[in-house]
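Engineer: Questions regarding the structure given below will be posed in turn.
The values are calculated or read from the model by the stated rules, or taken from the named source; none is laboratory data. Bear in mind the structure is a predicted one, so any value in this text is a computation, not a measurement. We place every Cβ from the backbone using ideal geometry, glycine too, and count neighbours over all the protein chains shown. Note: accessible area is taken over every heavy atom of the protein model, side chains too, but ligands, DNA and RNA are not part of it. Shrake-Rupley method; radii C 1.70, N 1.55, O 1.52, S 1.80 Å.
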Amino acid sequence: MATKTRPFDVAEHLKTDDDIKFFLQDASTGTPEEFIHALNTAARAKGMSEVAKKAGVTRASLYKSLADGGNPRFETIAKVCKSFGLRLHV
């Protein structure tokens, strides 16, 4: 009997705040869509409810903003980054 394998999910491997920090730093060199996808992954790893609470947004709006095809406001992106203890800079 063949065993079903789950697709690889990087969120399961982001165990510490430093893991998330380095993951998001790496993603910041990609496209805006890739960075938003990385924020979604990091938020799932940390716990969507916890990130939403720290960012001051609802869990539902966070899911919607960070979903594929979502179009989060810059303010939301900045709040989510801040919830990870990070800041955006140029």
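Engineer: Name the single residue, out of those in region 33-43 being open to solvent by less than 10 Å² (accessible area, probe 1.4 Å) and not small (Gly, Ala, Ser), that is farthest from the chain's Cα centre (by Cα).
Structural biologist: The selected residue is 41.
Engineer: Looking at (1) surrounded by fewer than 17 Cβ atoms within 10 Å (Cβ to Cβ); (2) within 11 Å of the chain's Cα centre (by Cα), which one does residue 46 not meet, given that it meets all the others?
Structural biologist: (1)
Engineer: Could I ask something else about it? When residues of region 1-18 are filtered for being over 12 Å from the mean Cα position of the chain (by Cα), open to solvent by less than 60 Å² (accessible area, probe 1.4 Å) and closer than 16 Å to residue 86 by Cβ, how many remain?
Structural biologist: 0
Engineer: Please note which helices (runs of 4 or more DSSP H) are completely contained in the chain and include at least 3 residues that are aliphatic (A, V, I, L, M) and out of contact with any Cys (no Cβ under 8 Å at 6 or more places or on another chain).
Structural biologist: 32-46, 48-55, 59-66, 74-83
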